[in-house]
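Student: Dropping a structure here in structure tokens format, bear with me for questions.
The values are calculated or read from the model by the stated rules, or taken from the named source; none is laboratory data. What you are looking at is a predicted structure, and each value in this text was computed from that prediction instead of being measured. Methodologically, a virtual Cβ is constructed for each residue, glycine included, from the backbone with ideal geometry; neighbour enumeration extends over all protein chains shown.
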Amino acid sequence: MLTAPTVEGPDTGLFRVLRDDGSADPASDPFLSKAQLASMHRHMRRLRVMEARMVVLQRQGRVGFYGSCTGQEATPIAVGLALAPGDWVFPALRESAIMLVRGFPLTSYVAQVFGNSRDLLKGRQMPSHMSGRSVNQVSWSSCIGPQIPQAVGCAMAMQRENKRNIAVGFSGDGATSQPDFHNAMTFAARFRAPCLIICQNNHWSISVPTAKQTASATIAVKGRAYGVPSVRVDGNDVLAVYVAVRDAAARARDGGGPAFLECVTYRMGAHSTSDDPTRYRSNEEVESWAKKDPLDRLERYLRRAGLLDDAAIAAMDAELTAEIERAIDEVEPAPPPDRTALFDDVYAQPTWPLREQRAALAQLPKAESPH
């Protein structure tokens with residue numbers, strides 16, 4: 001009788017640094033400095049506060065859509081801190097905040113949620129599709145998985161130019177059942193592309209549980225078929241994700257080829273503001289994962305080390321809330337993008353039909369604002 005292979009390895013285990021009691025495994029602890037830990041904590045807490053505010057804005061009708069990463073903050077923050085400035089990021093829905101970690105201005109980030117004239121993308125993307133050339137981050141397309149082969153192609157291009165930079169492509173667990181995942185892994189392995197493919201396994205492909213969309217024992221084990229070294233990481237352990245990304249990135253820079261990480265986490269909220277998760281999952285499941293909250297785990301570690309207390313958290317929350325409100329107040333009143341910007345960036349030099357169309361549009365009366 002044929003049976004599924006049960007070979008143990010890093011793609012079937014679960015790499016962790018933080019223990020439940022707030023201590024760290026000395027064998028895997030990266031021993032970050034106090035300044036590094038403080039930065040990591042602030043980024044995670046700012047993301048938690050900001051995304052709660054963005055969801056409220058959508059519920060108030062002030063923005064059209066939002067996809068929160070509440071409960072999944074560890075991976076984008078750890079990745080942002082582990083990368084070099086010249087590396088490229090190809091996110092999926094819940095990794096946009098890597099931009100903020102790498103220095104993208106908060107006001108410009110918020111402007112992309114509103115899509116108004118302050119938006120560097122000129123209102124061409126829906127919220128949660130942020131990108132910025134200044135931090136080498138590409139917008140995703142909402143289709144499931146195409147950013148992964150794009151990341152591999154970017155890595156191959158840098159490889160041909162003898163650059164020591166890497167590309168990082170993200171997906172959810174559902175995307176690993178898509179052809180784009182197969183294409184990305186095949187090319188990454190065959191050409192030893194300096195890339196890192198990261199799956200945030202949050203257990204729900206919108207409303208489909210992981211067990212119903214794949215028969216693999218783990219997501220990470222899929223890398224074996226392609227010859228891509230793969231690691232299954234506790235995605236709610238920011239230090240574990242940081243170590244795994246740091247080590248895989250260093251290996252790729254030195255010509256060691258690609259790596260695949262499965263970050264095991266959980267989507268605490270809805271898939272997006274268009275979703276009602278109570279229709280397909282239980283409160284008991286959500287409550288069990290709430291006990292593994294990545295922010296709480298890092299804060300237990302910092303408290304144990306004497307680097308954090310209740311007063312510091314309260315002061316930080318007040319500071320972060322004020323910072324986010326200032327950005328909203330600055331950005332929200334801006335008018336929509338000029339409608340003639342529709343013709344910008346189509347070609348390096350506008351063609352005569354575009355010039356004529358721009359001129360014709362400029363002559364038409366503008367619609368009255370609904371407000």
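Okay, residues lined up against (1) surrounded by fewer than 22 Cβ atoms within 10 Å (Cβ to Cβ); (2) not in a helix (DSSP H, G or I):
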site	(1), (2)
Y109	yes, no
R118	yes, yes
R124	yes, yes
M130	no, yes
C143	yes, yes
I148	no, no
T176	no, no
D180	yes, no
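Student: I would also like to ask the following. Residues in segment 150-165 that are under 20 Å from E95 (Cα atoms) and outside any helix (DSSP H, G or I): how many?
Tutor: So the count comes out to 1.
Student: Turning to a different aspect of this structure: Can you tell me which residue in segment 1-37 is farthest from V241 (Cα to Cα), limited to those that are small (G, A, S) and modelled with pLDDT under 90?
Tutor: Out of the qualifying residues, it is A4.
Student: Go through segment 97-107 and report how many residues are assigned to a loop (DSSP other than H, G, I, E, B) and either in contact with a strand residue (DSSP E or B) (Cβ under 6 Å, 6 or more places away or on another chain) or farther than 19 Å from Y242 by Cβ (or both). Spell out how you get there, then give the answer.
Tutor: Filtering segment 97-107 for residues assigned to a loop (DSSP other than H, G, I, E, B) gives 97, 102-105.
From what is left, the residues that are either in contact with a strand residue (DSSP E or B) (Cβ under 6 Å, 6 or more places away or on another chain) or farther than 19 Å from Y242 by Cβ (or both) are 104-105.
Of the residues in that region, 2 qualify.
Student: Collect the residues in segment 26-64 that are assigned to a loop (DSSP other than H, G, I, E, B), closer than 19 Å to T75 by Cβ and not polar (S, T, N, Q), keeping them in residue-number order. Reasoning before the result, please.
Tutor: Keep residues of segment 26-64 that are assigned to a loop (DSSP other than H, G, I, E, B), which gives 26-33, 60-64.
Among the residues that remain, those that are also closer than 19 Å to T75 by Cβ are: 28-30, 32.
Within segment 26-64, D29, P30, L32 qualify.
Student: Would you check if N165 is within 16 Å of the chain's Cα centre (by Cα), buried (at least 20 other Cβ atoms within 10 Å of the Cβ), modelled with pLDDT of 95 or more and not aromatic (F, W, Y)? Walk me through how you get there before you give the answer.
Tutor: Numbers: within 16 Å of the chain's Cα centre (by Cα): no; buried (at least 20 other Cβ atoms within 10 Å of the Cβ): yes; modelled with pLDDT of 95 or more: yes; not aromatic (F, W, Y): yes.
When the stated conditions are applied, N165 does not pass them.
Student: Of everything in segment 182-217, what is out of contact with any strand residue (DSSP E or B) (no Cβ under 9 Å at 6 or more places or on another chain) and either assigned to a strand (DSSP E or B) or small (G, A, S) (or both)? Give them in sequence order.
Tutor: A189, S207, V208, P209, A211, A215, S216, A217
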